[in-house]
Amino acid sequence: MKSLRELYRIGRGPSSSHTMAPARAAEIFRLKAPDAARYEVTLCGSLAATGRGHFTDQAVASVLGGERTAILWKPEKLLPFHPNAMIFRALDENGGETAAWTVYSVGGGALSEGPGSSDEPEVYPFRNMEEIMKYCLTEGIPLWQLAERFEGPEIWDYLQTVLDRMMSTLNEGLGKEGVLPGGLHLARKAREVFLKARAQRSGIRRTGLIAAYAYAVSEENASLGVVVTAPTCGSCGVVPAVLRYCHETDRCSKTELLHALAVSGLIGNLVKQNGSISGAEVGCQGEVGVACAMAAAGAAHLFGGTVMQCEYAAEIGLEHFLGLTCDPVMGLVQIPCIERNALAANRAVIAAELALLSDGFHRVSFDAVVRTMLQTGHDLPSLYRETAEGGLAAVCRDYAQEKNSAL
């Protein structure tokens, strides 16, 4: 299992797979072919289908140079390894090819050249959650201590940077009003929901505060702000919202929040290893569903949960997002993405509470749910996997066309 540094990446939104990773790939290819007269970049599959809404072309051109970069959109071109494929070509003055590179954006900002190509070192010697729980119970340690034991004490400095960035983004989002960029003309909600929720004295207060925090981060992501992948940009509002709420209501210390962030990261890394966090591969269950599982495990730890109860919270958080499609309207990370972050953050806290009301024993394991999520995602037709060809994206497009025809 990889380092938490590979899961929690800091960068600009709105998409880790469609914006951050393509920009990173462009930087790598520029180093491979620095003397090219022109560049040609072919975006395949999901990258082409929703790339404009995710600003993929702008991210690539900003690195390679807009005037000498041609972007080719090929949504119908599907390479076998992953739906998010990019083909880079360097050309000389006469149009001759001097270098070429095919690379895949596999989710969370990570890149891969294909099966077995990852150069990221294995840090944790665990294949699944069952092995992690067995190790923790044998050693008598909580989940968070795995991070320090296998990554060294310096991991806390990195997680502190991650936590600070999460909270800064949240604060920035709470302070802004106006309309998000893109053709939807979607108004920001975070500040309004926060002010209304803060005035309440009932259960709606918790729902509103958690939602406001998730809105704040997700709206910053939609505005190309700097966010932390948790596990992706599209789901980046869930974990920060839950951590912020627990910090304010339960007076959790910064150290406790860092421990919870480590627990959440272990859950995300397990899914990244044994399932997928790519909406283009498995739908939104791999993004918002995994974020809910991560936040639920972190919250369960903050509530005093055992290793088994944290695992149960993660299982609850992911199981009830199984089958969730990725159908962004107009290819923008706004509808239904932002609202889904708010809902998932609230569900994460509920999942943690349900787990703590139990003894931790349950029939369906987290490992089983991860395997189910991967199989379900592969069974979803491509129009429900970040192509904006089905679901809400298609229905909303049809409604708009019908209204325009009526006028």
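Only one of these conditions is not met by K77: (1) in contact with a Cys (Cβ under 7 Å, 6 or more places away or on another chain); (2) open to solvent by less than 10 Å² (accessible area, probe 1.4 Å). Which number is it?
Status for K77: all satisfied but (2).
Taking A25 as meeting all but one of (1) over 17 Å from P328 (Cβ atoms); (2) more than 20 Å from the chain's Cα centre (by Cα); (3) of a type outside the set (D, E), write down the number of the exception.
(2)
Residues S117, S112: which one is free of Cβ contacts under 8 Å to residues at least 60 places away in the same chain, surrounded by 14 or more Cβ atoms within 10 Å (Cβ to Cβ) and small (G, A, S)?
Values: S117 fails: surrounded by 14 or more Cβ atoms within 10 Å (Cβ to Cβ).
Of the residues listed, the single one that is free of Cβ contacts under 8 Å to residues at least 60 places away in the same chain, surrounded by 14 or more Cβ atoms within 10 Å (Cβ to Cβ) and small (G, A, S) is S112.
Specify the residue that is nearest to P381 (Cα to Cα); the eligible residues are those in the stretch 1-52 that are surrounded by fewer than 24 Cβ atoms within 10 Å (Cβ to Cβ) and polar (S, T, N, Q).
T42
Here is a list: G275, G305, G298. Which entry is open to solvent by 10 Å² or more (accessible area, probe 1.4 Å), under 18 Å from the mean Cα position of the chain (by Cα) and farther than 30 Å from R397 by Cα?
On the way: G305 fails: under 18 Å from the mean Cα position of the chain (by Cα); G298 fails: open to solvent by 10 Å² or more (accessible area, probe 1.4 Å).
Selected residue: G275, the only one of G275, G305, G298 that is open to solvent by 10 Å² or more (accessible area, probe 1.4 Å), under 18 Å from the mean Cα position of the chain (by Cα) and farther than 30 Å from R397 by Cα.
Kindly evaluate A351 against the criterion of being assigned to a helix (DSSP H, G or I), open to solvent by less than 40 Å² (accessible area, probe 1.4 Å) and over 24 Å from L243 (Cα atoms). Can you show your working first?
On the way: assigned to a helix (DSSP H, G or I): yes; open to solvent by less than 40 Å² (accessible area, probe 1.4 Å): yes; over 24 Å from L243 (Cα atoms): no.
The answer is no for A351.
Could you please find all residues in the stretch 238-272 being closer than 30 Å to G377 by Cβ and open to solvent by 10 Å² or more (accessible area, probe 1.4 Å)?
Passing the criteria: R244, Y245, K272.
Looking only at the stretch 125-140, count how many residues are open to solvent by less than 70 Å² (accessible area, probe 1.4 Å), in contact (Cβ under 8 Å) with a residue 24 or more places away in the chain and of a type in the set (D, E). I'd like the intermediate steps shown before the answer.
Kept after step one, since they are open to solvent by less than 70 Å² (accessible area, probe 1.4 Å), are these residues of the stretch 125-140: 126, 128-129, 131-133, 135-136, 140.
With the extra rule that they be in contact (Cβ under 8 Å) with a residue 24 or more places away in the chain, the set shrinks to 126, 128-129, 132-133, 136.
Next, from what is left, pick out any that are of a type in the set (D, E): none.
Going through the stretch 125-140 one residue at a time, the tally reaches 0.
Sort through F361, F321 and tell me the only one that's open to solvent by less than 40 Å² (accessible area, probe 1.4 Å) and either in a loop (DSSP other than H, G, I, E, B) or basic (K, R) (or both). Reasoning before the result, please.
Details: F361 fails: open to solvent by less than 40 Å² (accessible area, probe 1.4 Å).
Criteria check complete, one pass: F321.
Within the stretch 364-381, restricting attention to residues that are surrounded by 15 or more Cβ atoms within 10 Å (Cβ to Cβ) and in contact with a Gly (Cβ under 8 Å, 6 or more places away or on another chain), which residue is farthest from G268 (Cα to Cα)?
Result: L380.
Any idea how many residues of the stretch 383-407 are open to solvent by less than 60 Å² (accessible area, probe 1.4 Å), assigned to a helix (DSSP H, G or I) and closer than 19 Å to P83 by Cβ?
4
The values are calculated or read from the model by the stated rules, or taken from the named source; none is laboratory data. In this text the structure is predicted, and so the values were computed from the model without any measurement. No Cβ is skipped: glycine too gets one built from the backbone with ideal geometry, and neighbour counts run over all protein chains shown. Each accessible area value is taken on the protein alone, full model and side chains, heavy atoms only, with ligands, DNA and RNA left out. Shrake-Rupley method; radii C 1.70, N 1.55, O 1.52, S 1.80 Å.
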